[in-house]
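Note sheet for the following structure.
No value in this document is a laboratory result; all are computed from the given coordinates. All values reported here derive from a predicted model rather than from experimental measurement. Here Cβ is always computed from backbone atoms with ideal geometry, including for glycine, and neighbour counts include all displayed protein chains.
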Amino acid sequence: MTRAMPVSTQLAERLAAFRLRDVPPEVVAHARLILLDTLGAMLAASAPKYSATRILMDFARRLGGRPESSLVGQKLKTSCITAALVNGTLGYYCDIEPHHVGGILHAPAVQVPTSLAVAEKEGVTGTRFLEAMLLGIEVTCRVSFALNPVALYNRGFHPSAICGAFGAAAAAGHLFRLSASKFAIALGLAMQQASGLLAWASDHTEHSRPFNPGLAARNGTTAAYLAHLGFGGPPTPFEGKYDAFTAFSGEKHPEALLADWGKRYHLPEFAYKRYSSCSFTHPGLDALLGLARDHHLKPAQVREIVLRFPLSGTPMIDNNELKSHCAQYVLPVGLVFGQVMIDDILQDRTRHPEVARLSANTHMVGDPELDTTYPEVYASIVVVTTTDGRRLTRRVDHAKGTRENPLTPEEIHQKYRTLASTVTSAAHAERIADVVRRIERLTNLDGLAIMLRNLPAAAPGRTIRKPAHVRRAKAARPNGTASGTRRRAS
């Protein structure tokens with residue numbers, strides 16, 4: 001009787017055979033947009049005004065190392081391992097990069113930095129770089145579904161970090177041109193290093209939250225690099241007594257690793273975020289801002305906000321210690337300022353009297369009926385009670401930017417321009433975008449790396465334009481400026 005080939009071995013063989021020519025053109029087009037959107041998030045996060053960025057760059061300089069790979073926005077090169085760590089942390093810092101709804105993860109924040117770091121070191125073509133990025137994202141999602149992301153959350157694990165390490169090993173392994181047998185070792189070494197807890201939810205600095213994707217990028221790159229050099233490791237991480245399923249989630253769905261390989265791609269399923277907050281809050285934000293727009297509501301006219309959300313996901317955003325994951329903070333900020341950006345998270349907007357009042361009057365209800373489609377759908381119902389007694393209700397199942405409610409390519413490009421031009425000139429941002437559009441035609445990534453490393457200054461006083469009702473607002477801010485002229489990241 002022939003013994004079935006281990007799923008780990010089958011996966012490794014598929015990784016070794018992966019080529020962009022076998023990927024449908026529409027998936028490749030999505031990959032370029034994912035790349036552009038993630039670069040926008042990384043560029044915005046590279047601003048030296050952010051404490052985590054300053055500390056990371058100081059850390060990289062102190063470590064030193066062979067100048068192999070660029071640090072975004074820093075005029076500095078370091079080892080590919082350190083670059084993966086630092087840039088991976090930047091990828092998730094602004095919390096506005098693409099995410100997979102059902103997988104509950106931010107794979108591009110891990111895989112774009114990983115692929116950039118190793119591609120620059122290895123001097124590969126743009127095509128091979130895009131292959132690696134796409135492969136890393138695909139593996140990250142498949143591992144998440146194999147482990148069950150809800151089970152990971154229930155154990156206190158962060159899927160972006162745990163599953164991202166496997167994806168980073170796949171992306172880096174592709175760039176190191178690993179054989180199937182060495183790919184298996186790289187996945188095993190990634191399993192040994194995979195780490196990342198949701199404990200960052202108690203870190204008010206917002207440093208350790210984005211650090212998790214940085215760890216995944218670093219650890220996956222390390223795993224592939226060691227396998228490339230001949231280091232040994234567990235060759236079947238998804239089988240045996242000490243397999244990944246037992247270690248991380250307690251559930252086992254190995255079929256998800258290989259199901260419809262080459263036919264179904266998870267990358268086109270990614271959502272583009274419009275707010276710098278936990279993606280669980282986005283349908284509710286869309287509903288609240290839609291009600292405010294359609295009914296011409298000003299914040300002062302709102303007495304109470306109630307958000308109904310799937311019961312299983314409620315603990316992540318109900319009075320969470322972190323502002324980025326607290327519905328009682330995020331929704332009032334969105335209503336008062338018309339947007340939620342990273343500066344709204346890193347600064348305390350409850351100093352604004354309307355934000356403070358609305359935060360005290362925003363409540364969450366865990367709704368078991370909404371659980372039936374969770375986590376594939378973050379169904380949200382917002383109920384607004386106005387000061388004149390009206391009760392306004394709106395349900396949003398799919399936030400703007402999801403596959404079911406998509407942004408156009410031009411809207412994605414505009415989002416990129418808005419983010420990138422907070423740290424560099426509009427012309428330079430557009431030059432980077434042009435390189436991304438023709439990424440497959442590049443013989444190497446040196447030019448792109450130089451452009452990401454050396455950023456001409458942004459225009460003085462660069463701000464993100466807010467809606468008209470916000471610009472007209474007259475409520476005084478603590479520093480004496482009007483709420484409608486609050487400056488954004490510059």
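Taking 0.36 nm per residue of separation and subtracting the Cα-Cα distance, what length does fully extending E411 through S179 add?
Here the answer is 79.5 nm.
Sorted from largest to smallest, which semi-axis lengths in Å does the alpha carbon gyration tensor of segment 273-338 give for its equivalent ellipsoid, taking the root of 5 times each eigenvalue?
One finds semi-axes of 20, 12, 11 Å for segment 273-338.
Which three semi-axes in whole Å describe the equivalent ellipsoid of segment 185-235, each the square root of 5 times a Cα gyration tensor eigenvalue, listed largest first? Let's see the in-between values first.
Numbers: eigenvalues 150, 20, 5 Å².
That gives 27, 10, 5 Å for the three semi-axes.
Extending each Cα 7 Å along its Cβ direction at K298 and L76, get the distance between those two points in nm, one decimal.
Going by the 7 Å Cα→Cβ label model, 4.7 nm.
Any idea which of T424, P98, V340 is furthest toward the positive side of the dipole for the chain, if Lys and Arg beta-carbons carry +1 and Asp and Glu beta-carbons -1?
My answer, from the dipole projection, is T424.
When the dipole is taken about the Cα centre of the chain, and only Lys, Arg (+1) and Asp, Glu (-1) are charged at their Cβ, what size is it in debye, to the nearest 20?
In debye, rounded to 20, the chain gives about 1600.
Per 10 Å bin, what percent of the C-alpha pairs of the chain does each bin hold, from zero upward?
Distribution as computed: 4, 21, 31, 25, 13, 4, 1, 0 percent.
Provide, for q = 0.20, 0.23, 0.25 Å⁻¹, the log10 of I(q)/I(0) from a solvent-free Debye sum over equal Cα point scatterers in segment 187-284.
For segment 187-284 at q = 0.20, 0.23, 0.25 Å⁻¹, log10 I(q)/I(0) is -1.26, -1.26, -1.24.
Go ahead and estimate [θ] at 222 nm for the chain from helices alone: -39,500 (n - 2.57) per DSSP H run with n ≥ 4, summed, over the residue count, rounded to 500.
Rounded to the nearest 500, the figure is -15000 deg cm²/dmol.
Based only on other Cβ atoms within 10 Å, what is the fewest-to-most ordering of T125, T78, T393, T281?
On the way: T125 16, T78 25, T393 12, T281 28.
With the sparsest Cβ surroundings first, the list reads T393, T125, T78, T281.
In a shell of Cβ-Cβ distance under 13 Å around F18, excluding F18 itself, what net charge do Lys and Arg (+1) and Asp and Glu (-1) give?
Residues near F18 contribute +2 overall.
How long are the three semi-axes of the equivalent ellipsoid of segment 98-227, in whole Å, if each is the root of 5 times an eigenvalue of the C-alpha gyration tensor, listed from largest down?
Here the semi-axes work out to 24, 15, 13 Å.
Any idea what log10 I(q)/I(0) is at q = 0.24 Å⁻¹ for segment 388-467, Debye with uniform C-alpha scatterers and no solvent?
Log10 I(q)/I(0), no solvent term: -1.14.
Mind checking the full-extension length gain between R62 and R19? Use 0.36 nm per residue of separation minus the Cα-Cα distance, one decimal, nm.
Gain on extension, R62 to R19, equals 11.7 nm.
Between their Cα atoms, which of K263/K400; K49/K77; K121/K182; K182/K252; K75/K323 are more than 22 Å away from each other?
Violating the 22 Å Cα-Cα cut-off are K263/K400; K182/K252; K75/K323.
Going by alpha carbons, how many degrees (0 to 90, nearest 10) lie between the helix axis of 409-420 and the longest principal axis of the chain?
80 degrees
Between S51 and A199, what FRET efficiency follows from the Cβ-Cβ distance if R0 is 25 Å, with the result rounded to 0.05?
Computed FRET efficiency for S51 and A199 comes out at 0.80.
Taking the Cβ of R357 as the centre, find all other residues whose Cβ is under 14 Å away and add up their charges (Lys, Arg: +1; Asp, Glu: -1).
Surrounding charge for R357 is +2.
Taking the Cα-to-Cβ direction at V27 and at Q192 and moving 7 Å from each Cα, how far apart do the two end points lie in nm?
With each label point 7 Å from Cα toward Cβ, the separation is 3.1 nm.
Sticking to Cα atoms, compute the Rg of segment 90-171 to one decimal and its Dmax as the biggest Cα-Cα distance, whole number, in Å.
Values for segment 90-171 (Cα only, Rg and Dmax): 12.7, 41 Å.
When all alpha-carbon pairs of segment 40-177 are counted, what percent fall beyond 19 Å?
49 percent
Pairwise over distinct Cα atoms, reciprocal of the mean inverse distance: report the Kirkwood radius of segment 7-269 in Å, one decimal place.
The Cα-based Kirkwood calculation yields 17.7 Å.
Compute from the Cα atoms of segment 252-411 the Rg and the Dmax, the latter being the longest Cα-Cα distance, and quote both in angstrom.
16.8, 57
Output the peptides 236-244, 159-167 sorted from most to least packed, where packing is the average of other Cβ atoms within 10 Å over each peptide's residues.
159-167, 236-244
Would you mind computing, in nm to one decimal, how far apart the modelled labels at R3 and R441 are, each placed 7 Å from Cα along Cα→Cβ?
Rounded to a tenth, the inter-label distance reads 5.2 nm.
Give me the distance between the Cα centres of segment 380-443 and segment 195-229, rounded to whole Å.
26 Å
Express the Stokes-Einstein translational diffusion coefficient of segment 329-444 in µm² s⁻¹, to the nearest whole number, given a Kirkwood radius over alpha-carbon pairs, 4 °C and a viscosity of 1.567 mPa s.
The Stokes-Einstein estimate is 72 µm²/s.
Work out the FRET efficiency for T385 and Q347 from their Cβ-Cβ distance, taking R0 = 35 Å, and round it to the nearest 0.05.
With a Förster radius of 35 Å, E is 0.80.
What's the local net charge at L322, with K and R +1, D and E -1, over the other residues with C-beta under 11 Å away?
My count for the surroundings of L322 gives -2.
Could you state the angle between the C-alpha long axis of helix 180-193 and the longest principal axis of the C-alpha atoms of the chain, as a value from 0 to 90 degrees rounded to the nearest 10?
So the helix axis and the longest Cα principal axis differ by about 50 degrees.
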